[in-house]
Amino acid sequence: MIDREIIRQFRDIGRDVFVSGLTTSHGGNMSVRDGERIIITRRGSMLGRLTDDDLIETGMEPSAADDRCSREIVVHRAIYAATEARAIVHAHPVHTIARSFACDSIVPEDSEGLFVLGDVPVVEAATTIASAEAAEVLARALGSAPVAVLRTHGPFATGATLEEAFMHVSVLEASAAVLDLVGR
């Protein structure tokens, strides 16, 4: 059974991701890790309206529960295995994704982006959704950065909590929008 406080955190951050315009109605996914246990959003769930049934408990190894998990469970597992992350937020923010088409990194010029993120790597995989290749390149990039962008697909951000991972995605999108506004 999933702790009520964890459910509340997923609901609050999922709603924040959606109302901030960082993903579409059924896009994105989130997870938390506790030891070998992973709680991840259900495949096809709406981050802005998560229910208890939208959170799936699985582990670091594939299991029968994976059929209900976000397709990105393979990426989440790889990131957890390669980093100290305890939470991951993946979203599809427009300015960030647009920049990923042409940049190998997103370098914020605004104070908050520079302070919180520094240079944000943009990585590439032939198959962008739920592939072993995407899992590998993202896990490697997130070993030295709090957020990395999968070209054409969007950022995966890590943190000690869902709130911290959300902050990384939010700051990145704001920095990308600033760069767009100043024409850089």
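Checking GLU164, GLU112, GLU57 one by one, the residue that is surrounded by fewer than 22 Cβ atoms within 10 Å (Cβ to Cβ), in a strand (DSSP E or B) and either without any contact (Cβ under 8 Å) to a residue 24 or more places away in the chain or not aliphatic (A, V, I, L, M) (or both) is GLU57 and no other.
The conditions are (1) exposed (fewer than 15 other Cβ atoms within 10 Å of the Cβ); (2) β-branched (Val, Ile, Thr); (3) closer than 20 Å to PRO121 by Cα, and ILE2 fails exactly one of them. Which is it? Unmet condition: (3). Residues in the range 124-144 that are touching an Asp or Glu at 6+ places or on another chain (Cβ under 8 Å) and either on the phi > 0 side of the Ramachandran plot or not in a helix (DSSP H, G or I) (or both): ALA125, ALA126, THR127, ILE129, ALA130.
Restricted to the range 34-46, and to residues there that are of a type outside the set (Ser, Thr, Tyr), under 15 Å from LEU162 (Cβ atoms) and in contact with a Leu (Cβ under 9 Å, 6 or more places away or on another chain), the residue that is surrounded by the fewest Cβ atoms within 10 Å (Cβ to Cβ) is ILE39. When you scan the range 47-95, how many residues do you find that are aliphatic (A, V, I, L, M) and within 30 Å of LEU181 (Cα to Cα)? Residues that pass the stated criteria total 5. Just checking, how many residues over the range 60-95 are crowded, with 22+ Cβ neighbours inside 10 Å, part of a loop (DSSP other than H, G, I, E, B) and out of contact with any helix residue (DSSP H, G or I) (no Cβ under 8 Å at 6 or more places or on another chain)? Within the range 60-95, residues that are crowded, with 22+ Cβ neighbours inside 10 Å, part of a loop (DSSP other than H, G, I, E, B) and out of contact with any helix residue (DSSP H, G or I) (no Cβ under 8 Å at 6 or more places or on another chain) number 1. The set of residues in the range 142-184 that are at pLDDT 95 or above, out of contact with any helix residue (DSSP H, G or I) (no Cβ under 9 Å at 6 or more places or on another chain) and more than 22 Å from GLU72 (Cα to Cα) comprises LEU181, VAL182.
Determine if the range 72-86 includes at least one residue that is under 21 Å from SER144 (Cα atoms), of a type in the set (Lys, Arg) and touching a residue at least 40 places away in the same chain (Cβ under 8 Å). Among the residues of the range 72-86, at least one is under 21 Å from SER144 (Cα atoms), of a type in the set (Lys, Arg) and touching a residue at least 40 places away in the same chain (Cβ under 8 Å), which makes the answer yes. If only residues of the range 96-109 that are in a helix (DSSP H, G or I) and farther than 15 Å from GLY183 by Cβ are counted, the one that is farthest from the chain's Cα centre (by Cα) is SER100. Residue by residue through the range 38-54, note down the ones that are within 13 Å of ILE73 (Cβ to Cβ) and either in a strand (DSSP E or B) or acidic (Asp, Glu) (or both). Once the filter is applied, which keeps residues that are within 13 Å of ILE73 (Cβ to Cβ) and either in a strand (DSSP E or B) or acidic (Asp, Glu) (or both), the range 38-54 yields ILE38, ILE39, ILE40, THR41, ARG42.
Looking only at the range 135-150, residues that are crowded, with 19+ Cβ neighbours inside 10 Å and without any contact (Cβ under 8 Å) to a residue 60 or more places away in the chain come to 7 in all.
Filtered by the rule that a residue be without any contact (Cβ under 8 Å) to a residue 60 or more places away in the chain, in a helix (DSSP H, G or I) and not aliphatic (A, V, I, L, M), the range 13-35 gives GLY14, ARG15, PHE18.
The values are calculated or read from the model by the stated rules, or taken from the named source; none is laboratory data. As the structure is a prediction and not an experimental result, all values here were calculated from the model. No Cβ is skipped: glycine too gets one built from the backbone with ideal geometry, and neighbour counts run over all protein chains shown.
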